[in-house]
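The structure appears right after this line, and notes come after that.
Quick note: the coordinates plus some simple rules give every number you see, no bench work behind them. What you are looking at is a predicted structure, and each value in this text was computed from that prediction instead of being measured. Here the Cβ is made from the backbone with ideal geometry for all residues, glycine too, and neighbour counts use every protein chain on show.
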Amino acid sequence: MRKTLWVLMLGLALVAVPAAQASDDVIRHGVDTWTTVSSGMTFTSFNQDPLPADFFCPGSKPFTGKVAFRGAKLATEPASALPAIDTIVERMDDARLDKDGVGYSRIRLLALSLASVEPVDTGCGLFNVAVRLDGAQPTTDMKIVRTTRYGGFYVSPLALNVKVRFEPVNGDAKLVREVSRQISLGPGTRSVWSYAQEDRYTGRLLVDTNGDGKADTILPPASNFLAGVEPAASYSSDSASLDQTATYYYSESAHAWQQYDNIRPIQRLCPYTTCHCNPDPSTWDPHDPGSGCSSSHMHCTQVWITCEAVAVVAD
């Protein structure tokens, strides 16, 4: 069994996090890539701001419906560079962490690709709905807090301009409709980050930012910031704890933090749904379980959170 484990661990795709790098005081600018959960938790509602009568066809009533969305993979070049990614946030500035481990960066949406979970009945037939970014995007401020030498949490409200496109299921191009929206979203719950090595992607990588299905924008180099993965230093149990002088890596295949020298699993991670949902700045808290969410818009993505402590040393 130990021999099998050893072979398995050697075959994992690795993202290295050297201990020496974990003390970086500058979070370099870059992008954070996200996968929208497909459970229908992401939605937009037209109840507060209905589409007008006759929007879809003559005689159609004002549309007040709610549309649930899933992620639709962004077009990239190379095509397989970012599998299953539908949302990209750009951190525009290097964030220098002060003596308290706090730094700031401006952020904006760089790419977004959502599709309705199922067709929507508009009273003029069934329509598929897609959401893309619409022109220049507003910026908001991201607060980054380091709580351990391996990472911490952040607070990142989002603002975005989107284009919602309604396409009839029957394929009638004359009935295609589009509407632009301005959306404000509060920070996501369980907004965790870890230090990361710079080789999460390499070379020239382009992504579709305007929704036409063609990769058009070169991404900046990968940075030392890994959003959505709980930091290794918070992982400890009666049977497994981190050696503060050792070197660890995050295995994307195993979704676990592991130690280099003996390929020992340190901590197992499990997916957690985090939602950008609360537009009220007075209650922005990354540890908020999701109370006070807006009834108009919500966007939910996946992060990786501690779920199992293990300590297996491979001989």
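Past 26 Å, Cα to Cα, is the threshold; run Lys61/Lys163; Lys143/Lys214; Lys61/Lys174; Lys143/Lys163; Lys66/Lys174; Lys73/Lys163 against it and keep the listed order.
From Lys61/Lys163; Lys143/Lys214; Lys61/Lys174; Lys143/Lys163; Lys66/Lys174; Lys73/Lys163, over 26 Å: Lys143/Lys214; Lys143/Lys163.
For a protection proxy built on the mean count of beta-carbon atoms within 10 angstrom, sort 271-277, 40-46, 282-288, 170-176 highest first, please.
271-277, 40-46, 282-288, 170-176
Can you tell me how much longer the chain between Asn128 and Val176 gets when fully stretched, taken as 0.36 nm per residue apart minus their C-alpha distance, in nm with one decimal?
Value of the extension gain: 16.3 nm.
Long-range amide H contacts for Gly228: which residues qualify at under 5 Å (H placed 1.01 Å from N, peptide plane, sequence gap of 5 or more or a different chain)?
Long-range HN contacts for Gly228: Val192, Trp193, Ser194.
Can you pull the one-decimal nm distance between simple spin-label points at Asn210 and Thr283, each 7 Å off the Cα toward Cβ?
Distance between the two pseudo-spin positions: 4.0 nm.
In nm, what is the difference between 0.36 nm times the number of residues separating Asp94 and Asn47 and their Cα-Cα distance?
Extra length available between Asp94 and Asn47 comes to 13.0 nm.
For Pro62, what is the net charge nearby, where nearby means another residue's Cβ is under 15 Å from its Cβ and Lys, Arg count +1, Asp, Glu -1?
Neighbour charge sum, excluding Pro62 itself: 0.
Taking Cα pairs under 8 Å and at least six residues apart, what relative contact order does the range 64-138 come out at, in percent?
Reported as a whole number, the value is 30 percent.
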